[in-house]
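Only one structure is covered here, and it is reproduced in the block below.
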Amino acid sequence: MTKQELDVEMQKLQQGDELAFERIYNDTKRGLFAFILSMTRDYYLAEDMMQTAYIRLRTTISNYRAGGNAYAWLYTIAKNATLNEIARRKRESVTDTLEDEGKFGTYDMDESGSPVTQVMNKVLSDSERQIVTLHVISGFKHREIADMLDKPLGTVLWTYNNALSKIKKELQKEGENEK
């Protein structure tokens, strides 16, 4: 779905078209989840924050301005909700962590996923991982990413290229270690 098509769907949702929400969700869910996961590095928290983002989309749709960048608007909602949750969790005191892990298990992004995902989690900063994820997985252009993250285009381009260099260097290093 193009930016213009998503804008039209957002306007339809503002007018009460329930099918518009379904179309928005189906078009954006994969990329939005990858974006949130790049921030949290926790699969289950990313699922929760994705739900929160879509709930907030529904409750704040009246604030959407027609003709705007609907993708950037949705990703900003998700980013802000996720950052707030991460900050809230840092303030909490964790008790009986080992007991909880025994009951519910854990999911660690560093131990699963593709080799490239593992390398990304190992060598990239959160910002670098977000930019790479938005471009490679979600398919956003660098200018759109700059708008979403409220960063200059040059910074996004530099960060993206720097991140790719880090990934390539680490993969080469791991390849040499396997020989």
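I need the full set of residues from region 29-71 which are open to solvent by less than 20 Å² (accessible area, probe 1.4 Å) and farther than 12 Å from MET10 by Cα, in order please. Scanning region 29-71 gives GLY31, LEU32, ALA34, PHE35, ILE36, SER38, MET39, LEU45, ALA46, MET49, ALA53, TYR54.
Taking the listed residues VAL123, VAL116, VAL94, the one that is of a type in the set (Val, Ile, Thr), farther than 30 Å from MET10 by Cβ and at pLDDT 80 or above is VAL123, with no other qualifying.
For the structure I just gave you, tell me whether LEU32 is touching a residue at least 24 places away in the same chain (Cβ under 8 Å) and in a helix (DSSP H, G or I). So LEU32 passes the test.
The values are calculated or read from the model by the stated rules, or taken from the named source; none is laboratory data. None of these values were measured; they are calculated from a predicted model. Glycine also receives a Cβ, built like all others from the backbone with ideal geometry; neighbour counts cover every protein chain displayed. Surface accessibility is based on the protein's heavy atoms, side chains included, excluding ligands, DNA and RNA. Shrake-Rupley method; radii C 1.70, N 1.55, O 1.52, S 1.80 Å.
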